[in-house]
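Below is one structure; the comments refer to it alone.
Just so it is clear, none of the values below were taken in a lab; they were calculated from the coordinates. Model, not experiment: these values are computed from the prediction. Positions of Cβ are generated from backbone atoms using ideal geometry, with glycine treated the same way; all protein chains shown enter the neighbour counts.
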Amino acid sequence: MNVQERIKQTVEGNRVVLYMKGVPQMPQCGFSANAVQLIKSCGVNDLVTVDVLADAEVRQGIKEYANWPTIPQLYVKGEFVGGSDIMREMYESGELQKLLQG
C-alpha cells in the first residue's frame with residue numbers, strides 16, 4: 001500500500017484525524033499544539049493523530065493528499081478542514097464546535 005492509500009485509509013476510517021508534528025501530549029510545534037487545544041476544547045474524545053515527524057513519507061504525502069503545504073491538517077468525516085489558522089477562525093465563529101460535535 002502506498003503512502004496516499006495509507007493516508008486515505010486513515011482519513012476515511014476515523015471521524016476526526018489530525019496530522020501534526022509530535023503527539024498531543026508533546027506537540028513539536030506551536031501550530032500543532034494550538035490545533036490539539038482547539039479540538040480538545042470542542043470536547044472531541046475520538047481524535048486520531050498522526051505524527052508526521054515519525055514518517056518522512058507521510059510528512060510529504062499529506063501535503064500532496066490535500067494539496068495543502070503546511071502541517072497540522074485536520075480531517076473530519078473524511079473531509080479536509082484546514083490548518084491551524086483556519087481552525088482558529090472556525091473556532092472563534094463557532095463553526096468548529098458544530099463540525100466536531102456533529
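For the range 1-18, the residues whose backbone nitrogen is under 18 Å from a point 7 Å from the Cα of GLU64, taken along Cα to Cβ, are 1-11.
Pick from GLY22, GLY82, GLY13: which residue has the top mean-square fluctuation in a GNM of the chain where Cα pairs under 10 Å get a spring? Maximum fluctuation in the GNM of the chain, among the listed residues, is at GLY13.
Relative contact order of the chain: 35 percent, from C-alpha pairs under 8 Å at least 6 residues apart in sequence. Here the extension length gained between ALA56 and LYS8 equals 15.6 nm, from 0.36 nm per residue of separation less the Cα-Cα distance.
Using only C-alpha positions, report the orientation-averaged shadow area of the convex hull of the chain, nm², one decimal. Each step should come with its number before you reach the end.
Values: hull surface 23.1 nm².
Average of the hull's projected areas for the chain equals 5.8 nm².
Given +1 at the Cβ of Lys and Arg, -1 at the Cβ of Asp and Glu and no other charges, the dipole of the chain around its Cα centre is 120 debye to the nearest 20.
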